[in-house]
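Written out below as structure tokens is the structure these notes cover.
The values are calculated or read from the model by the stated rules, or taken from the named source; none is laboratory data. It should be emphasised that the depicted structure is a prediction, and the values quoted were computed from it without experimental measurement. So basically every Cβ, Gly included, is an ideal-geometry build from the backbone, and we count neighbours across all protein chains shown.
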Amino acid sequence: MKMDHLVLLLGDLRASLPYYDTLLPLLGFSPTRPHDYVNEDGLHIDLQQAGDPAHAYARQGVGLNHLGFTAPDRGSLDRIREAMAARGFPAPELQHFGRDLAVFMKDRDGIRFEITWYAPPSTSS
């Protein structure tokens, strides 16, 4: 089975939309209807207003920790960071995991998106 959709409940949907309208297309998602995006695999991310915004996202709390995406190449990872920074969103420094590189971006509610570029295996002659 493949995953069909994710629903993200946001503390302030309107205030969060500029972030998601920037980030999700950079990750290969296209809008299908207001607040709903789909990628080429058919995965939908549906953004909705939280019914209880006082119950905030907690990184170490029960539930979703982060959404992870794979960048096809190092240049894509850099372009995502640059595009987010150009729109005024935080674009944290790259983190090194051996030869692999990742960036962890947070929306205004603290929901984290990990974008990782996995370096190709080194070849020894």
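Residues are listed down the side, and each one gets a yes or a no for (1) exposed (fewer than 10 other Cβ atoms within 10 Å of the Cβ); (2) hydrophobic (A, V, I, L, M, F, W, C):
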| position | (1), (2) |
| --- | --- |
| 77 | no, yes |
| 87 | no, no |
| 106 | no, no |
| 121 | yes, no |
Would you point out which residue out of 94, 47, 67 is over 19 Å from residue 17 (Cβ atoms) and either surrounded by 13 or more Cβ atoms within 10 Å (Cβ to Cβ) or of a type outside the set (Lys, Arg) (or both)? 94
Right, residue 115: closer than 20 Å to residue 5 by Cα and either among the hydroxyl-bearing types (Ser, Thr, Tyr) or touching a residue at least 60 places away in the same chain (Cβ under 8 Å) (or both) or not? yes
Cβ pairs under 7 Å, 6+ apart, first in the stretch 72-101 and more than 14 Å from residue 114 (Cβ to Cβ), second part of a loop (DSSP other than H, G, I, E, B) and hydrophobic (A, V, I, L, M, F, W, C): 85/91; 99/119
Condition (residue is in contact with a helix residue (DSSP H, G or I) (Cβ under 9 Å, 6 or more places away or on another chain), over 26 Å from residue 13 (Cα atoms), among the aliphatic types (A, V, I, L, M) and not in a helix (DSSP H, G or I)) applied to the stretch 74-94: is it met by at least one residue? yes
Of the criteria (1) surrounded by fewer than 16 Cβ atoms within 10 Å (Cβ to Cβ); (2) more than 21 Å from residue 100 (Cβ to Cβ), which one residue 19 fails: (1)
The one condition in (1) surrounded by 12 or more Cβ atoms within 10 Å (Cβ to Cβ); (2) farther than 13 Å from residue 113 by Cα; (3) not acidic (Asp, Glu) that residue 27 fails to fulfil: (2)
All positions within the stretch 97-121 that are more than 16 Å from residue 69 (Cα to Cα) and not in a loop (DSSP other than H, G, I, E, B): none
Out of (1) modelled with pLDDT of 95 or more; (2) exposed (fewer than 15 other Cβ atoms within 10 Å of the Cβ); (3) within 22 Å of residue 2 (Cα to Cα), the odd one out for residue 38 is which? (2)
